[in-house]
Structure formats: C-alpha cells, structure tokens
Amino acid sequence: MADASRPGRLSGCKALITGASRGIGRAIAIRYAEEGADLFLTATSMAKLEETQALAEAHGAKVVLHCADVSVRTAVEAMIGAAIAALGRIDVLVNNAGVYKAARLVDYTAEDFDRIMKVNLYGAFHVMQLVLRHMQANRHGKVVNMASTGGKWSSLNQSAYNASKHALVGLTRCAALEMGPYGINVNAICPGFVETDMLDAFREHAAILGVPFEKVMEAALARVPLKRFLKPKEIADLAVYLGSSESDGMTGQSLLIDGGMLMV
Ligand SMILES: NC(=O)c1ccc[n+]([C@@H]2O[C@H](COP(=O)([O-])OP(=O)(O)OC[C@H]3O[C@@H](n4cnc5c(N)ncnc54)[C@H](OP(=O)(O)O)[C@@H]3O)[C@@H](O)[C@H]2O)c1
C-alpha cells in the first residue's frame, strides 16, 4: 500500500536486496529509497552496508541491515526470518549478490567452481525459495534476479560464472511459470559491463591472456555499440521498473542491459 508521506514508484513497498554493500546492489538500494521503498539490506560485511544505509536513509527510507552469506542455507533462513520480522512482509526481492573469478576451464579448481555456483546459483535459490514461500502465502510479490550477459552467451575464461548465470536465467523462467498463478512476477536482469569492483576482476582475465588490463578493457569496449561501460544506476533504474507495478504484465524474462553488446 502506498505511503502518502513518501510518494514514488515504489511507495510503501518493502524490499529485500542482497549484495547491497556496494556496486549495483548499493545503487538499487538508493534508487528504491528514492522511489519510496523501505529496505532490508544484506551482504557478508557490515562496514560497507552501513555506508549504503546512510545513503538510502537520506531519502527517508527505513533501512535494516543484516550480514549473511547467501550460500549458507541456515544463514539465509535466519536472514529471511529477520527481514519479515523487521519489515512486516517482503513485496520485492532483489537477488543481487554475486561473485566472479576468471580461469580457463581446464585450470579451474573444483573449490573455485563450487564457490561460484554456491553463491551465484545456490545462493539465489536459497533466498528465492524462502521468499517465494512467503510471497505465495501473500499471493503477491516480485523477484528480480541479477543474472548477466554471461547468462546468455559464451565468454573466455569465465565458464563457472557463465554456467551459474545461465542456470539463474533458467531458474528465473521456471520460478515464473510456477508463481504466475499466485500473482508473483519473477524476472532477471542481464547487465553487460558495469563500472563496479567486479569489473576490476577482469585483471585476472587479462593476466590469463597475457595482455595488459587496459588492452582487455579496450577490446571489451569495442564490442559495445554505445562505446561506454554502464553505471550501476542504469541497472538500478531497470530494477525499479521490475520491482514496481509498471511491470505487472511481465514475467519469466531475462532483460539485457548492455549498451547493445548482445542483440538477441
Ligand atoms: N559489474 C558487472 O559488470 C556485472 C555484469 C553483469 C552482472 N553483474 C552481476 O551483478 C551483481 C552485482 O555485481 P557488482 O558488479 O555490483 O559486484 P560487486 O561490486 O563485487 O558487489 C557484489 C555484492 O555481492 C555481495 N556478496 C558477495 N558474495 C556474497 C555472499 N556469499 N553472500 C552475500 N553477499 C555476497 C558483496 O558484498 P560483501 O563482499 O560485503 O559480501 C557485494 O555487496 C552480481 O550478481 C554480478 O554477477 C555484474
């Protein structure tokens, strides 16, 4: 229900955002606060979360913080319980937490592969499953999963990351199919290159190729028709649309926002 004291496209909305301590998750928290939402923000470390909290509270939002590793089921159970207790309900889940590591497939350690799948795929599954049980009972809700262009195509030296994001796109579609009858929308965002700490991890990719980081970034940019990397706020703007009633007619979609890099 809209809150007259804080008008906006998400007025009165209660949102849970994972990976909100920096980058895209922080930008979503700020945009959601600007649009009138109250927030439950999570990540594994508190210091950066507190910075996001201050930025969101400046827009009048109630903001509750919680540290949890999304790959740990018991931690996620406690997190969802705390979110519902703090906000009363969850209207929108933004499943944004993610990790990246570059390695050639033949060189990936099983531990690194496992870690990426556990955070990017199983983490999204744990959080989504528990929140969907709550939303299903309320017969209302929206889920926004943060996938990637890596969830739609092939990329050198990131097979684990791409596998996790392809799986997240598939999970999004299946969840949308099952949740449609309950009035719950489940969609994914597939960003291209976005200026965050994660982009810096491309240094690993450059090292594997034996090419300077700057050259790798130039080559990346050459593939983007808009000739620039995206800002986190641009991804957040799409997350506002998917979290609001404006997207009521859309479900099961994985939306590319990548400067035109992929046109599929
Ligand atoms: N940047 C890009 O170019 C790009 C492109 C496509 C998709 N994406 C996706 O967008 C999402 C956000 O990425 P970003 O670029 O903003 O990356 P980022 O700056 O590295 O932020 C990642 C966020 O996830 C949190 N996180 C990491 N592991 C976690 C875990 N086990 N449990 C809970 N939280 C965890 C981090 O917080 P702590 O470290 O404090 O836990 C941080 O808040 C990711 O899913 C990423 O795959 C990014």
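Data overview
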| read-out | value |
| --- | --- |
| Spans of helices (runs of 4 or more DSSP H) in the range 189-233 with at least 1 residues over 22 Å from the mean Cα position of the chain (by Cα) and either surrounded by fewer than 16 Cβ atoms within 10 Å (Cβ to Cβ) or among the aromatic types (Phe, Trp, Tyr) (or both) | 202-209, 213-222 |
| Those residues of the range 242-264 which are surrounded by 17 or more Cβ atoms within 10 Å (Cβ to Cβ) and in a helix (DSSP H, G or I), in sequence order | 242, 243, 247 |
| Where residue 257 falls short, out of the listed (1) within 13 Å of the ligand (Cβ to nearest atom); (2) hydrophobic (A, V, I, L, M, F, W, C); (3) at pLDDT 95 or above; (4) out of contact with any Asp or Glu (no Cβ under 7 Å at 6 or more places or on another chain) | (4) |
| Pairs with Cβ under 7 Å, 6+ apart, first in the range 211-229 and more than 20 Å from residue 260 (Cβ to Cβ), second exposed (fewer than 12 other Cβ atoms within 10 Å of the Cβ) and at pLDDT below 95 | none |
| Residues within the range 191-210 that are in contact (Cβ under 8 Å) with a residue 60 or more places away in the chain, acidic (Asp, Glu) and either touching a helix residue (DSSP H, G or I) at 6+ places or on another chain (Cβ under 8 Å) or more than 15 Å from the ligand (Cβ to nearest atom) (or both), tallied | 1 |
| Of residues in the range 170-185 being surrounded by 19 or more Cβ atoms within 10 Å (Cβ to Cβ) and part of a helix (DSSP H, G or I), the one farthest from the chain's Cα centre (by Cα) | 179 |
| Qualifying residue in the range 165-179 (condition: modelled with pLDDT under 95 and away from the ligand (no atom under 13 Å from the Cβ)) | no |
| Residue ranges of strands (runs of 3 or more DSSP E) in the range 1-87 with at least 2 members closer than 18 Å to residue 144 by Cα and touching a residue at least 40 places away in the same chain (Cβ under 8 Å) | 14-18, 38-43 |
| Residue count, the range 97-106 (criterion: in a loop (DSSP other than H, G, I, E, B), over 18 Å from the mean Cα position of the chain (by Cα) and not basic (Lys, Arg)) | 1 |
| Residue within the range 88-96 that is away from the ligand (no atom under 12 Å from the Cβ), part of a strand (DSSP E or B), over 17 Å from the mean Cα position of the chain (by Cα) and under 25 Å from residue 120 (Cα atoms) present | no |
| Those residues of the range 2-20 which are within 16 Å of the ligand (Cβ to nearest atom) and touching a Ser or Thr at 6+ places or on another chain (Cβ under 6 Å), in sequence order | 18, 20 |
| Every residue from the range 152-164 that is in a helix (DSSP H, G or I), within 12 Å of the ligand (Cβ to nearest atom) and hydroxyl-bearing (Ser, Thr, Tyr) | 161, 164 |
| Among (1) farther than 26 Å from residue 104 by Cα; (2) within 15 Å of the ligand (Cβ to nearest atom); (3) in contact (Cβ under 8 Å) with a residue 60 or more places away in the chain, the one test that residue 238 misses | (3) |
| Any pair with Cβ under 6 angstrom, 6 or more apart, that starts in the range 112-123 at a residue that is in contact (Cβ under 8 Å) with a residue 40 or more places away in the chain and ends at one that is within 12 Å of the ligand (Cβ to nearest atom) and of a type in the set (D, E, K, R) | 112/101 |
| Matching option when the condition is in contact with a strand residue (DSSP E or B) (Cβ under 7 Å, 6 or more places away or on another chain) and farther than 21 Å from residue 23 by Cα, among 256, 262, 238 | 262 |
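The values are calculated or read from the model by the stated rules, or taken from the named source; none is laboratory data. Because the structure is predicted, anything quoted here is derived from the model rather than measured. Here the Cβ is made from the backbone with ideal geometry for all residues, glycine too, and neighbour counts use every protein chain on show.
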